[in-house]
1. Take segment B:25-62 and flag every residue that is of a type in the set (Val, Ile, Thr) and in a helix (DSSP H, G or I).
2. For residues that are assigned to a helix (DSSP H, G or I) and of a type in the set (S, T, N, Q), scanning just segment B:103-146, find the one that is farthest from B:Ala179 (Cα to Cα).
3. Of the residues in segment C:168-219, how many are assigned to a strand (DSSP E or B), of a type in the set (Phe, Trp, Tyr) and either over 16 Å from C:Gly112 (Cβ atoms) or modelled with pLDDT of 85 or more (or both)?
4. From the list B:Ile274, B:Ile328, exactly one residue is within 21 Å of B:Ser228 (Cα to Cα), crowded, with 23+ Cβ neighbours inside 10 Å and in the same structural domain as B:Arg249 (by TED's automatic domain parsing). Which is it?
5. Any idea which of A:Glu150, A:Glu164 is at the interface with another protein chain (Cβ under 7 Å from one of its Cβ atoms), surrounded by fewer than 22 Cβ atoms within 10 Å (Cβ to Cβ) and on the phi > 0 side of the Ramachandran plot?
6. Taking segment A:167-189, which residues are in contact (Cβ under 8 Å) with a residue 60 or more places away in the chain and either more than 10 Å from chain C (Cβ to nearest Cβ) or not charged (D, E, K, R) (or both)?
7. Of the residues C:Ala335, C:Ala341, C:Ala356, which is crowded, with 17+ Cβ neighbours inside 10 Å, away from chain B (no Cβ under 14 Å) and on the phi < 0 side of the Ramachandran plot?
8. I'd like to verify a number: residues in segment B:320-344 that are outside any helix (DSSP H, G or I) and free of Cβ contacts under 8 Å to residues at least 12 places away in the same chain, how many?
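The values are calculated or read from the model by the stated rules, or taken from the named source; none is laboratory data. Quick caveat: nothing in here was measured; it's all calculated off a predicted structure. Please note: Cβ atoms are built from the backbone with ideal geometry, for glycine as well, and neighbour counts cover all protein chains shown.
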Amino acid sequence: MSETTEQADRTAAEASNADERGRYPLQVRNLKKTFGGITAVDDVSFEVEEGTLTGLIGPNGAGKSTTFNLITGMNDPDAGAVRFNGEEITRLASHEIADRGLVRTFQIARELEEMTVLENMMLAPKNQRGEKLWRSVVPGLRDDVRRQEEELLERVWEVLDFFEIDHLAEEYAGNLSGGQRKLLEMARALLTDPDMLLLDEPFAGVNPSLERRLLEHIHELREDGYTFLIVEHDMDLIMNNCERVIVMHQGKILMEGTPAEVKASEDVIEAYLGGEV
Amino acid sequence: MGVSETYARGRRFFVEQPLALGVALVGLYMAWFLGEGLITGRILFSDIASWAWDGLMRGLIIGLAGIGLSMTYSILNFANFAHGDYITTGAFGGMAASYLLAGLGDADAGSLLLVGSGRSVYGGALGVGIVTSPLAVVAGMFIAGVATVALALLIDRFVYKPIRDESGITLLITSIGVAFALRYLIVFVFGSDVRGTTAAGQQPTASLLFVDGYVRINAHDVTLLVVSAALMLGVHLLLQRTKLGKAMRAMSDNEDLARITGIPTERVVKSTWIIGGGLTGVAGYMFVLWKGTIGFNDGWLLLLLIFAAVILGGIGSIYGAIAGGIVIGMTASLSIVWIPSEFGRAAAFAVMILILLFKPQGIFSGRSTA
Amino acid sequence: MSPSGFRSRASDLLNRDPGLVLAVFGGIYLAYILAGLVFGFSVRGHMNSIANLTFYVAVFGMLALALNLHWGYTGLFNIGVVGFMGIGVYVTAVLAKPPAAQGGAAQVGGFGLPLGIAAIGGVLVAAAVGLVVALPALRLRADYLAIVTIAFSEIIRFTFMSDTFQSFDVPGTVDIAVGGVTLFSYDPAAEMVGFGGGGGLILNYVDPLEAILRTLFLWDPYLGLVDAVSVVIPSNPKPVVDGFVYGLVLLGVVALYYWLLSRTGESPFGRVLKAIREDEDVANSLGKDTSRFKLKSFVLGCALMGFAGILWYAGRGSITPPSFRPNITFYVWIALIIGGAGSNTGSVLGGAVFAALLYEGPRYFKNLVQAAVDIPDGPGSFGQAMAPIGASLDPVPFLVYTLNSIGQLRLVIMGLVLIWLMHNRPEGMLGHRKETAASVDLSRPDRGGPDEDVAAADGGETR
């Protein structure tokens, strides 16, 4: 019996335990996805503990981004299940998953270029009354929409201040630098009021000083009770900041453990240095 | 797999895809309607054969013109809405040459070159036709191709090349501008009236017995069949056997890859216009020769059918364009078995819309330009 | 006032929407009136050409606004505009035409409903058909959506043209009975209705302007106005005044469209639409159900296109299928691109500039030349026009032929303008201007402006 199946069994056992469920908001079981004959994600199971920073690492093509896409509903898995806060979310549309508090960012920052930073930010909050067309248009009802927007606006400016991008508020998002876009993306995701954030390579293309700031923000937020799953292929970054690390290789989970355990693993070293693509 | 499982899967498929269920039911009804009609004699076998023949002819024209559209769609990555007017250009350019050769001495050169605009000359009176003036027809076909190639290259140089790196949508909108300018320049020069082009009555016609009636095939049908088959074979050999063909196939699969591996892309782009434009021009000429009339809207009215064929066959696929053309031509012609004749084109559009909804990569997809 | 102060005031005015719109409209009308004066138009001719101009400025303004909701805001590439216009006006006609007996035996009749009710019916059907098209088609990528929508608009035109839908017999009574008890019985006035096939429909109902004015209880004052105008135009002034006032009514409708679409755009709803245009995945990943938003945007736009179609054609004596060719769709697109996709103000300006310069301009130019110069009968074809140049370098026949062909040449000009715009100014007149998608001012609430202190923040690495 392989190591992965053992892991899967363990996960299944844990999932049945109601007390454990609260501690592990995200549970991924036996996820599988093939693209045109190539198995990108092969029987992947893991869980993320509440209030932790969990790293998902692995060489290029290990299936990390595909796993993210399967969890957040951008792709549907061929087999397997994803549970979030005890609820089955497999095959839900991505907006439904985001609505339940599991929100992602993208590997290449996808800011909404021809919208200002403020518009980007104002877009994010959930349950906006003015997203109903008739409320926005009918005279009288619009006052209600405006009142809510004014409330949201204060929150938006707070978050802009927190991420120190308030000076860019009126700028078009397309005019931002790569690092600023990453900040904007995380700030925007935060405004949806999520329980858990999935960050896909949040530090790619970010200069060291900005990277430090981003990390500080993430630790601060984690202390506030947010849960993070971070994809990254910079090993050191993950080792120095995460409580738990999941290592993927060729679509499978290679190992899972504390940074120290992962560092000591022969398998991991071989996967990174073994010359695979 | 057990029967019940198959049944359950089938039921799930149709619950998830109510449109697919509708399509399946409509298909069953159509098959029953046709079968019942043939058995009771309400529909004649020979009528079906005649319509199928007519559909094949239309399909060959659509397919021939579709190759060019499919190539530019995949290699230059935009839907060229001016393609229909390239067809019209070929038709007028080629017919001007045919008129001139067939009628020199009978009428003044100006009227002949303007394809009898203002009712000055009639193609029928000049005896334009494959049997009555073979030289004029062959020369016309040649000129149609050359004129369209020249036009396509000229437009590419001044219109598309400067915005080559823009998005496909920008190019698409630009091509609508090209279509407008080209179509109404043709009206300005050649006039807006639809007129006869050939001495159709003087071409030999064969009536073939088919089960319960006759199918009529004339010399222009045969010409169209021979010319299309030859050109399609030529394109096939070009793409399979030459270095240029391989480069073009690589470009259509992945433009960035082609750039890296050092294929001179501008040269490939030019070749695309030359091959696509040539086929399109000849298709336009064959179209007006076959149907016997010419008008400034001919190409534009054909364009949506060509889009239908190209999408059906899978954008970028040469054989897909040909097969798609024949399917679309047949659909437009044979649909009169089931629906009023004025909805023939609508039926072809409906097929295209269904393909886009259910299998947008086309039914002949797999390899893109092979 | 110093010259520089005046200049800055003027440029300030141009930077605000009402000022800009007034300036462009004023410029257009001034040019038309001055040109008419120079070339010696009669008062009647003057008023007619102004009314005509106003009509097209208004309809293209409305249509560009509706298309801007689809393309400019939501990124939906709809090139089936004319199909929705056609549905709007055809349904209105069928509902409003008097029953066949009154219309003469040869003509198909209608349901004889009041024009206002019929127009509502037309708008609702256009919206419903929009929904039917949108449900499957909105998940297609832009170029496929374009091909589907234009094919759809052609299917609509074939349907109007078809013999099959030319006429239907309406049953004498419609009864709904359950167990022998009649719950509902209705005797429709109509006997035979339909789309009239290739011959089209004669619109033998009350004039739309009269219907509007009667509803507003303005009909009697209006007739008084017509009497007053007869001082200036002694013979039969009513058609001239009709055209003029209808044009003004349409401008009022443009204002309504603008109001509606500005509120739609400047709201959380409009913000999601913009986000869909920029990157639909992102909007989805932030929890927005983008298909619902796209659907709503598409249906609303289709309803507005249907209504614009009604206002354009319902006042004509008749409608025929060839009026609903895809060319009109492309006119609307050119108008929108001139103005700048994404901006409501730009759409109105684009509609006006397109109508004045490209749509009506060339024809107006021809009328002006004809009023000023006595033009001989021109040659009937290009060949006859060119022959004198070859023979004796006489350009007059060619110029006359060109002038007479201006109806076609203006389409050549439109095509060239579109190419030029895509090369040099794809964003149009106002495309890249901020029309912030929010119902409130987004600047920092307490300090009333963005933070001036930028020194502390670093910008990460540059792009």
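1. Residues of segment B:25-62 that are of a type in the set (Val, Ile, Thr), as a first pass: B:26, B:39-40, B:43, B:48, B:61-62.
Scanning segment B:25-62 gives B:Val26, B:Ile39, B:Thr40, B:Ile48, B:Ile61, B:Ile62.
2. If we filter segment B:103-146 for residues that are assigned to a helix (DSSP H, G or I), which is where we start, we get B:103, B:109-113, B:117-119, B:123-126, B:134-146.
Then drop every residue that is not of a type in the set (S, T, N, Q), which leaves B:111, B:117.
Working: B:Ser111: 25, B:Ser117: 21 Å.
Going through the qualifying residues, I end up with B:Ser111.
3. Step one: of segment C:168-219, the residues assigned to a strand (DSSP E or B) are C:168-169, C:174-178, C:181-186, C:192-193, C:201-202.
Imposing the further condition that a residue be of a type in the set (Phe, Trp, Tyr) reduces the set to C:168, C:184, C:186.
Restricting the remaining residues to those that are either over 16 Å from C:Gly112 (Cβ atoms) or modelled with pLDDT of 85 or more (or both) gives C:184.
Going through segment C:168-219 one residue at a time, the tally reaches 1.
4. Details: B:Ile274 fails: crowded, with 23+ Cβ neighbours inside 10 Å.
Of the residues listed, the single one that is within 21 Å of B:Ser228 (Cα to Cα), crowded, with 23+ Cβ neighbours inside 10 Å and in the same structural domain as B:Arg249 (by TED's automatic domain parsing) is B:Ile328.
5. On the way: A:Glu150 fails: on the phi > 0 side of the Ramachandran plot.
None of the others qualify; the one that does is A:Glu164.
6. Within segment A:167-189, A:Ala173, A:Gly174, A:Leu176, A:Gly178, A:Leu184, A:Met186, A:Ala187, A:Ala189 meet the criteria.
7. On inspection, the qualifying residue turns out to be C:Ala356.
8. Of segment B:320-344, the ones outside any helix (DSSP H, G or I) are B:338-340.
Checking the rest, the ones that are also free of Cβ contacts under 8 Å to residues at least 12 places away in the same chain come to B:339-340.
Qualifying residue count, segment B:320-344: 2.
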